[in-house]
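The block underneath contains the structure these notes are about, expressed in structure tokens.
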Amino acid sequence: PFLVQVRPEIARPFADVVNSANFRKGSVSDVPKFLEEKEAFDAAYDELLLQAENQLENLETLGALGAFLPAERREELLTALANALAAARDSELEALKDAHDMAALPFFAPTEEEVRDRLAEFE
């Protein structure tokens, strides 16, 4: 519901970064380590959004966030995120900030038909 007014081309890079974080891959065998990495990621992500809202240079923050991403996709993910930050409206940044508490950001809002199909499959 937070991302209804965020354009998909803006939301997608944020979702990709959030969902690609290394600590989210695989099962959690060390809960304290997982929580420590999640808190550090959240701090870097929050700082990035704060800097973007205040229209500050965020290259250093992008780099800090990149430390949590898989090396083979890091450049691709950060480039897409930088482009989305540059194109995002203030209202979209605010919605993304509000949505950060979610474990994963949706790529797009489903259509009514998709919801009906999913419900039919469930029944």
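The values are calculated or read from the model by the stated rules, or taken from the named source; none is laboratory data. Quick caveat, the model's predicted, so the values are computed rather than measured. For neighbour counting, all protein chains shown are included, and Cβ atoms are generated from backbone atoms with ideal geometry for every residue, glycine included. For accessibility, only protein heavy atoms count, side chains too; no ligands or nucleic acids. Shrake-Rupley method; radii C 1.70, N 1.55, O 1.52, S 1.80 Å.
Of all the listed residues (GLU37, GLU60, GLU92, GLU53), the sole one being open to solvent by 80 Å² or more (accessible area, probe 1.4 Å) and charged (D, E, K, R) is GLU60. Total residues in the stretch 57-88 satisfying the condition of being closer than 15 Å to ASP16 by Cβ and of a type in the set (Ser, Thr, Tyr): the figure is 1. Taking every residue in the stretch 73-96 that is free of Cβ contacts under 8 Å to residues at least 12 places away in the same chain and pairing it with any residue that is part of a helix (DSSP H, G or I) and surrounded by 13 or more Cβ atoms within 10 Å (Cβ to Cβ), at least 6 positions away or on another chain, the pairs with Cβ-Cβ distances below 7 Å are ARG74/GLY66.
Evaluating ALA44 against the criteria (1) touching a residue at least 40 places away in the same chain (Cβ under 8 Å); (2) touching a helix residue (DSSP H, G or I) at 6+ places or on another chain (Cβ under 6 Å) leaves one unmet condition, (1).
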